[in-house]
Amino acid sequence: MVPSFRDILNEVRRDIVEIEPQAAAGIFDQALFLDVREADEYAQGAVPGAVHLPRGMLELQVEGRVPDKDRKIVVYCAGGVRSALAAQALGQLGYSDVSSMSGGFNRWKDEGRDWVTPKTLDPDQRNRYQRHLLLPEIGEAGQQRLLESKVLLLGAGGLGSPAALYLAAAGVGTIGIVDMDVVDSSNLQRQILHNLDRIGERKVDSAKKTLTAMNADVNVVTYDVRLGADNVLEIIDSYDVIVDGTDNFPTRYLVNDASLLKKIPVVHGSIFRFEGQATIFYPYEGPCYRCLVPEPPPADLAPSCAEAGVLGVLPGIIGTIQAVETIKLLLKLGEPLIGRLLAYDALEQSFRTFKIRRDPACPACGEDAGEIVIAEYDDLCMPHTKQAPLLVVAS
Ligand SMILES: [Zn+2]
């Protein structure tokens, strides 16, 4: 005789561990709560901090979302049936400590336990970011985090253009842009945020138009100012990551020192002719800019800041790498470029990485570094480098 669903469910229940909501609440701090209901049910209310993974996507995505198979997991649905089936599937996948919450979220809620209305994506956002949602490493929670993230771009030029475009497309919710220049036709060879109609316009305004026309989810905050000792701390405050696309050494020192004070990571990029570099200066976890370039060179030894040429595509590559590293930092994904300098040579078509280390004697982040003073450094261009070669930059 073909078994009925009830027979199958009874068999499943013999095979799994069930837990009462009261007992589940007792292990709230140790267990991961896995919500296997559909998106519309989850949006109505959920156990605080629960990971949402609809039953239909469970086997496909759970290993990406919950990599630790020995993690204590309480799986729940609305009434305890789907979660029983889910618990069995998790057991078959090798998860060793899974319980299904009997009575599900409905009983949890009826018993007066804590619940929240989760922030969820609306249907337009679910469609727009669909390719992110399909990645278990990002998913709805990761996309939500991107939408709540704040990234500050220093410069709306060669590096800032591709970085801003991809960060906006990815749904980074707040993008600040600092630039005091005006769009010139000589920018258009590489600064793809701008176009012919924008010539003569403030770069920050042009950037804002381009980014908001592409993604209305993004709040673009513009700073049409020269970044200086008087305003840097105020401007960078509250941003999660700084993307440095500046083209001069004084600003880099200024940003370095301010980012150390505020403990904000800086995703650095630089370009010169056919070569580019990228790294992350993560305060007190990896080297800072001064670990690599400890002292501004004496003004009389510094060569003049003559404009160096640059292949127009090059900042597209380096700025895009900066965008990738920024998203990785925001979502805590993969291996960030901390303590590594990535060098790209367009003519060779090669990437190389160099290990870079914190300097214990660094005047800014070293063991004996004094209090950080935010100061301006004028009249210098080419620093003396210590470890890896640092490049002159054309924005
Ligand atoms: Zn340092």
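The values are calculated or read from the model by the stated rules, or taken from the named source; none is laboratory data. Treat the numbers as computed from the prediction; the structure is a model and nothing was measured. Note that we place each Cβ from the backbone using ideal geometry, even for glycine, and neighbour counts take in every protein chain shown. Surface accessibility is based on the protein's heavy atoms, side chains included, excluding ligands, DNA and RNA. Shrake-Rupley method; radii C 1.70, N 1.55, O 1.52, S 1.80 Å.
A few comments on the model shown:
- Every test in (1) within 16 Å of the ligand (Cβ to nearest atom); (2) modelled with pLDDT under 95; (3) not in a helix (DSSP H, G or I) is passed by Pro303 save one, and that test is (1).
- All conditions but one from (1) open to solvent by 40 Å² or more (accessible area, probe 1.4 Å); (2) at pLDDT below 95 apply to Leu254; the one that does not is (1).
- The residues on offer are Asp40, Asp114, and the sole one that is out of contact with any Lys or Arg (no Cβ under 6 Å at 6 or more places or on another chain) and outside any helix (DSSP H, G or I) is Asp114.
- Single match in Arg145, Arg190, Arg113 (criterion: over 21 Å from Val51 (Cα atoms) and among the charged types (D, E, K, R)): Arg190
- Tally, over segment 348-373, of residues that are in contact with a strand residue (DSSP E or B) (Cβ under 8 Å, 6 or more places away or on another chain) and away from the ligand (no atom under 14 Å from the Cβ): 6
- Of the criteria (1) over 24 Å from Thr320 (Cα atoms); (2) in contact with a strand residue (DSSP E or B) (Cβ under 8 Å, 6 or more places away or on another chain), which one Arg113 fails: (2)
Per-residue answers, yes or no, for (1) without any contact (Cβ under 8 Å) to a residue 40 or more places away in the chain; (2) open to solvent by 30 Å² or more (accessible area, probe 1.4 Å):
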residue	(1), (2)
Phe28	yes, yes
Leu34	no, no
Asp40	yes, yes
Ala46	no, no
Glu63	no, yes
Val66	yes, no
Lys69	yes, yes
Cys77	no, no
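- Candidates in segment 259-298 are the residues that are of a type in the set (Gly, Ala, Ser) and within 13 Å of the ligand (Cβ to nearest atom); of these, the one that is surrounded by the most Cβ atoms within 10 Å (Cβ to Cβ) is Ser259.
- If only residues of segment 203-224 that are open to solvent by 60 Å² or more (accessible area, probe 1.4 Å) and closer than 16 Å to Asp181 by Cβ are counted, the one that is nearest to the chain's Cα centre (by Cα) is Lys208.
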